1. Among the residues of the range B:31-44, write down those that are more than 10 Å from chain A (Cβ to nearest Cβ), among the polar types (S, T, N, Q) and over 18 Å from B:Val111 (Cβ atoms).
2. Looking only at the range B:195-222, which residues are of a type in the set (Asp, Glu), in a helix (DSSP H, G or I) and free of Cβ contacts under 8 Å to residues at least 24 places away in the same chain?
3. Residues being more than 9 Å from chain A (Cβ to nearest Cβ) and among the aromatic types (Phe, Trp, Tyr): count how many of those fall in the range B:90-99.
4. Quick one: which of B:Trp49, B:Trp86 is crowded, with 19+ Cβ neighbours inside 10 Å and of a type outside the set (Lys, Arg)?
5. Cβ-Cβ under 8 Å, sequence separation 6+ or interchain: first residue in the range B:136-147 and in a helix (DSSP H, G or I), partner not hydrophobic (A, V, I, L, M, F, W, C). Which pairs?
6. Got a sec? Which of B:Asp30, B:Asp38, B:Asp15, B:Asp45 is over 13 Å from B:Thr99 (Cβ atoms), at pLDDT 95 or above and of a type outside the set (Phe, Trp, Tyr)?
7. Could you please let me know if B:Gln47 is without any contact (Cβ under 8 Å) to a residue 60 or more places away in the chain and facing another protein chain (nearest Cβ under 10 Å)?
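The values are calculated or read from the model by the stated rules, or taken from the named source; none is laboratory data. All figures in this text were calculated on a predicted structure; none of them were measured in a lab. All Cβ positions, even for glycine, are placed from backbone atoms using ideal geometry, and neighbour counts span all protein chains on display.
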Amino acid sequence: MPYTAEISRSSPTAFLFLVDQSGSMSDKFSGTEKSKAEQVSDVINRTLMTLITRCTKSEGTRNYFDIGVIGYGNDQAMNGFHGALSASVFNPISEVEANPLRVEDREKKMDDGAGGIITNTVKFPVWFEPKANGGTPMCAALTQAAEALVAWCDTHPDSYPPTIMHITDGESTDGDPEELANQLRQIRTNDGEVLLFNCHISSLNANAIQFPAGEAGLPDSYAKLLFRMSSRLPDHIIKYAQGKGIAVGMEARGFTFNAEAVELVEFLDIGTRASQLR
Amino acid sequence: MRFQLEFSAILPKDDLYPLSVEDALAISEDGTIIAISDGASESFDSQSWARILTDSYVANPNVNGEWLEKAIQRYKELRDPSQLSWSQQAAYERGSFATLLGLRAHTDGQVSCLSVGDCLAIFVHTSAHHTSWRYSWAREFQERPMLLSTQAGLNEFVCQSDFDSRHITWLIREPLSHVLLMSDALAEWCLRSEEEGIPARSRLSAIRSQEELASLVDHERARRNMRVDDVTLINLGVGN
């Protein structure tokens, strides 16, 4: 049965974030004062922090995951990490933990347990900076991802397969990405094919659609293209999403259209719920 | 009534990391109280939390809100969170989680068994009759187990009036030949095998050495017939 390999330090899995950094990402993100680029980088940094927290024990951070970020815009795809993490696409999560660009103090409003709200300062590590520039070289990003994933799967043949979380707001400017996405999804370990999740943060004034099972209800051809590029959800992810109260059918794909901030966080949380850690 | 320890062992989920075992067991000196706990992998320090829970149960098996508060206090005394790195602080605040299975022989001859989570007790009454607590079927292991947390706010179910009736079973005037206590991976395998007509329970009852248990577990893991997780097994005889 695919997607059942247990994730351990001897047999980690990988998460690769593909992030659109084209010029249109400077537009406002729906429902916030931030740009799409700022909102997406915040959510990715928060997701990285959550992944690290899941792997961190009293003795340190266990390498259950390898993590990569590829940003694309301004006519090129590039490693989204900086400094010590920029030498390769994938880095063990303990290395990611050890090498944030900086750790910010941010204010967080919390329940004081007596009906009031208090503001606490929390640590917020930053690895990935917002950028918005030029065209949308999605094919270049998918090609770079494929090269890294083939190498990763070759060295981890029995691992739970890698998951790609792709966030974009626009149309590819360097060709049709569908065939490349099809090829990407055929890269595999013995436990199954690479999972490709796509999040379309469109500028259309339309309701969000999470994990649809068909393209009929999607509002434009580009959303339909991203839907076709997305993997069918494995059973355990369907179950996890349903447990969060999201209506997800058995044919659902890893695609979300017009996600607002909360849905984007939820999308990345669900997409990064690989099977049990041990 | 008292229990006679015939066998107990904990095997690690990963032989490369034998010190990372997150199961724990404790047995009272007089052999009347026994506890096992399975610490959750996605926890900051479930190894310590599982040990605190089993030690606390053996010291005082009356589990309630106050009991749990004291256990959490013992956990908090282990470290100063302000000295932790940002990632350890975040993981510490998320909490540690573990199951608890506690068996107690009362002076009047009754036996009670508390279970929070998915560790399993099998009571062998006669060669033809056995019962189990708290699960009876392998499919029940697919549900998300209830866990005791170091975050007090996640333990409200312990203070609810139906806690004892939902989590404690009593054996009153029932014959009892022996008892098996085990953590979830072994328990799921055992119930599933029995459902398929394979006499897994009697096989576990006969185990008397760590090598025998390791051989069984390695074989079933290799066949992908048993989930890879820490494995705890206790075999208990019953005497007066």
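1. Answer for the range B:31-44, where residues must be more than 10 Å from chain A (Cβ to nearest Cβ), among the polar types (S, T, N, Q) and over 18 Å from B:Val111 (Cβ atoms): just B:Ser37.
2. Taking the range B:195-222 first, the residues of a type in the set (Asp, Glu) are B:195-196, B:211-212, B:218, B:220.
Still in the list and also in a helix (DSSP H, G or I): B:195, B:211-212, B:218, B:220.
Across the range B:195-222, the qualifying residues are B:Glu211, B:Glu212, B:Asp218.
3. The total comes to 1.
4. Numbers: B:Trp86 fails: crowded, with 19+ Cβ neighbours inside 10 Å.
Only one candidate passes the filter, namely B:Trp49.
5. Final answer for the pair search is B:Ala138/B:Glu188; B:Ala138/B:Arg192; B:Ala138/B:Glu195; B:Glu140/B:Asp118; B:Phe141/B:Asp118; B:Phe141/B:Tyr135; B:Phe141/B:Asp184; B:Phe141/B:Glu188.
6. Values: B:Asp30 fails: at pLDDT 95 or above; B:Asp38 fails: over 13 Å from B:Thr99 (Cβ atoms); B:Asp15 fails: at pLDDT 95 or above.
Answer to the selection: B:Asp45.
7. Working: without any contact (Cβ under 8 Å) to a residue 60 or more places away in the chain: yes; facing another protein chain (nearest Cβ under 10 Å): yes.
Here the answer is yes, as B:Gln47 does meet what is asked.
Condition check ((1) out of contact with any strand residue (DSSP E or B) (no Cβ under 9 Å at 6 or more places or on another chain); (2) surrounded by 14 or more Cβ atoms within 10 Å (Cβ to Cβ); (3) more than 30 Å from B:Ala71 (Cβ to Cβ)) across all residues:
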position	(1), (2), (3)
B:Leu148	no, yes, no
B:Leu186	no, yes, no
B:Glu194	yes, yes, yes
B:Gly197	yes, no, yes
B:Arg223	yes, no, yes
B:Arg227	yes, yes, no
B:Val231	no, yes, no
B:Leu236	no, yes, no
